[in-house]
Each structure stands twice: as C-alpha cells, then as structure tokens.
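Q: Let me begin by handing over the structure; questions about it come next.
The values are calculated or read from the model by the stated rules, or taken from the named source; none is laboratory data. Everything quoted here is computed from the prediction, not taken from an experiment. Because the Cβ atoms are built from the backbone with ideal geometry, glycine has one as well, and the counts that use them run over all protein chains shown. Note: accessible area is taken over every heavy atom of the protein model, side chains too, but ligands, DNA and RNA are not part of it. Shrake-Rupley method; radii C 1.70, N 1.55, O 1.52, S 1.80 Å.
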Amino acid sequence: MLAPLTRSWLATITPQIPSSFKMIHRTQSSLQKKVDPVQETALLEECILVDENDRALGSSTKEACHRVVNNSIPLHRAFSVFLFNSKNEMLVQQRSATKITFPNHYTNACCSHPLFEIPAEQEEKNALGVKLAAQRRLGFELGVPAEECKPEYFDYLTRIHYFSVGDGTWGEHEIDYILFLKRDVTLSPNSDEVQDVRYVKKDELDRFLAELKFPVTPWFELVCKNTLRKWWAGLDNVGQFKDEGTILRY
C-alpha cells in the first residue's frame, strides 16, 4: 500500500503547470469566504497523488490538493460520471453554494476522487477503485442506491489531464477518469452537495448551456467542447470509444 507523503515531499513532486494549459475559471477570490463545516470536514480526506502518467505516488489531503500555491496544485486522481437515463437524456447537477471549489457551478452528474484511506479505491485493475468511488459518491451526493450503480455498470472511456486555477485560492489539477453510466436511477440529492438536478436532451445541450445563469465547471466545459457530443451520439455502443491507455491533455 502507498504511504502518505509529508508536506516537504509534496512540495518536491508538485509539478509546475505547463504554459500550454489553459488557465480557466478565475472567479472572485474565496480568501474572505467562510468555509461551510460540512465541506471543511471533507478537506481532511486523503486524495491519491499521481504523476503525469497516472502513476500513484502517495497521498495528501483534499485541502492540499486543491489549494493554489504559486500557481501550482498537486496532481491527483479523480473521476467524472456522465449519467444517462433510458431516454438517452444526460443528468446535470448544480453544485451547492457551499462547495469550496466551483460553488453554484453546473456540471455532469458526479465528480469526485477515489480516497487513499479506502484501500479498495486504490485498486487500478479495470479502474475498479475509481468505479467504487463513483458508486460511493453517487450515493452520497445524489442518493442513488448502491445496487443501481454497481461497478460493473460503468463504462470507463478514457482519462483527461486538466488544470484550472479556479478562484485563485481553490482550484483543480487532476487526471480525471471519464465514466459513463446508462441506467434509470433513483435520485434523492444531498443539499450539502447539490442544489439542483435536471436531465438534458442531446439536441438541447447548446441552448441549455447558453441560458445558464451560472458557469459550468472547467472539466465539464472541456468535455463538452471536445468529446461529449461524439460519445453521446454513440451512447448505445459506447464501448467503441474506450481508450483506456490514453490520457487526453486539455
């Protein structure tokens, strides 16, 4: 099992952000923002640190993995679930106003991290660890019962590597596993995490995004701009898009 990294070691492995990365979503600074107690507790969770090839290096707290320091953020492992119902409509959520990163932003169904302190979520074979983490978070954020989102129900398509300075205090630097799930699921959103959910039709996506009164998260924006429409069009044969050996650099 990997060992947690000390703060000094963390500084040595935090990569400098390449100039080719697009610095997006610099919003109003959260330096003065009071942290919600529920979200503050979550900052103690341990994320899995990785290198640019997604090789696990150890762990650090969620807080350390999302603080922007000298324009750098430790690279860590994450996942994004794109959930579709039997009508091929995609579930979109609006993050709660108390979220530390990207509050009030719209995004895909569920976005989070496999945790270092849960040994099963470190399992890399068949992306089982991130699938188990996705099952856990779908239950926590959206109230989806575990039996409706079993690991074997997910299609792992690819990974994306992206960076965003967020509001300049809290941001993201992730290798993000893209998971597709096509199921009719039971929803009971957790108001500490989610303030709104809705299903969107494929031919209504552009209008939906254009009419939003709040921005979308950077990872969702990148997937929408680059690959979502192709994947969505082939949803009934989504296995054709699997590219597990590639990390797309956005």
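Q: With θ set to phi - 60° and the Karplus curve 6.51 cos²θ - 1.76 cosθ + 1.60, what are the ³J(HN,Hα) couplings of the stretch 111-120 in order, to the nearest whole Hz, using x for Gly and Pro?
A: For the stretch 111-120, the Karplus curve yields 9, 6, 9, x, 9, 4, 6, 10, x, 4 Hz.
Q: Compute, for the chain, the length of the dipole vector about the Cα centre, with Cβ point charges of +1 (Lys, Arg) and -1 (Asp, Glu) only. Units Debye, rounded to 20. Present the calculation step by step, with values, prior to reporting the outcome.
A: On the way: 30 positive and 34 negative charges, 116 e Å.
Charge dipole of the chain: 560 debye, to the nearest 20.
Q: Going by a ≥ b ≥ c, the root eigenvalues of the Cα gyration tensor, does the stretch 66-122 fall in the rounded group (a/c under 1.5), the prolate group (a/b larger than b/c) or the oblate group? Walk me through the intermediate numbers first.
A: On the way: a/c = 2.53, a/b = 1.37, b/c = 1.84.
In terms of gyration-tensor shape, oblate.
Q: Step through the residues of the stretch 91-102 one at a time and calculate ³J(HN,Hα) from phi using the Karplus curve (6.51 cos²θ - 1.76 cosθ + 1.60, θ = phi - 60°), rounding each to whole Hz and writing x for Gly and Pro.
A: With coefficients 6.51, -1.76 and 1.60, one gets 7, 10, 10, 9, 5, 5, 5, 9, 4, 6, 9, 6 Hz.
Q: Kindly count the pairs of lysines across the stretch 125-250 whose alpha carbons are less than 24 Å apart, treating pairs on different chains or eight or more residues apart as eligible.
A: Taking the stretch 125-250 as the scope, the lysine pair count is 25.
Q: Choose one answer from Phe79, Phe220, Phe102: the residue with the largest mean-square fluctuation in a GNM of the chain with alpha-carbon springs under 10 Å.
A: Phe220
Q: How much of the accessible area of the stretch 161-205, probe 1.4 Å, is carbon plus sulfur, in whole percent?
A: 36
Q: Next question, about the same structure. Taking the stretch 202-250, how much of its Cα-Cα pair set, in percent, is spaced more than 18 angstrom apart? Mind showing how you got there, number by number?
A: Values: 468 of 1176 pairs.
The calculated P(r) of the stretch 202-250 puts 40 percent of pairs beyond 18 Å.
Q: What's the magnitude of the charge dipole for the stretch 170-250 around its Cα centre, counting Lys and Arg as +1 and Asp and Glu as -1 at the beta-carbon? Answer in Debye, nearest 20.
A: It comes to approximately 360 debye.
Q: Please give the calculated 222 nm ellipticity per residue for the chain, where each DSSP H segment of at least 4 residues contributes -39500 (n - 2.57) and the sum is spread over every residue; nearest 500 deg cm²/dmol? Show your work: numbers first, answer last.
A: On the way: 6 runs with 50 residues, N = 250.
Computed ellipticity for the chain at 222 nm equals -5500 deg cm²/dmol.
Q: List the trypsin sites (Lys or Arg not before Pro) within the stretch 187-247 that DSSP assigns to loop and that have no more than 16 neighbouring Cβ atoms inside 10 Å.
A: Numbers: sites: Arg198, Lys201, Lys202, Arg207, Lys213, Lys225, Arg229, Lys230, Lys242; in loops: Lys201, Lys213, Lys242.
Answer in residue order: Lys201, Lys213, Lys242.
Q: Now for a separate question. For the chain, rounded, prolate or oblate, judged on the Cα gyration tensor with a ≥ b ≥ c (square roots of eigenvalues), a/c < 1.5 rounded, else prolate if a/b > b/c? Kindly include the intermediate steps, with their values, before the conclusion.
A: Details: a/c = 1.42, a/b = 1.24, b/c = 1.14.
Because its axes are fairly even, with a/c under 1.5, the chain counts as rounded.
Q: Hey, another quick one. Quick one: grab the alpha carbon gyration tensor of the stretch 60-206, order the square roots of its eigenvalues as a ≥ b ≥ c, and give me rounded if a/c is under 1.5, else prolate or oblate depending on whether a/b is larger than b/c.
A: Values: a/c = 1.68, a/b = 1.25, b/c = 1.34.
The shape class here is oblate.
Q: May I ask what percent, to the nearest 5, of DSSP beta bridges between residues of the chain are antiparallel? Please report the intermediate quantities before stating the final value.
A: Numbers: 31 of 44 bridges.
Antiparallel: roughly 70 percent of the beta bridges in the chain.
Q: On average, how much accessible surface per residue is there in the chain, in Å², for a 1.4 Å probe, leaving out ligands, DNA and RNA? Display every interim value, and only then the final one.
A: Values: 11540 Å² over 250 residues.
Counting only protein heavy atoms, the per-residue value for the chain is 46 Å².
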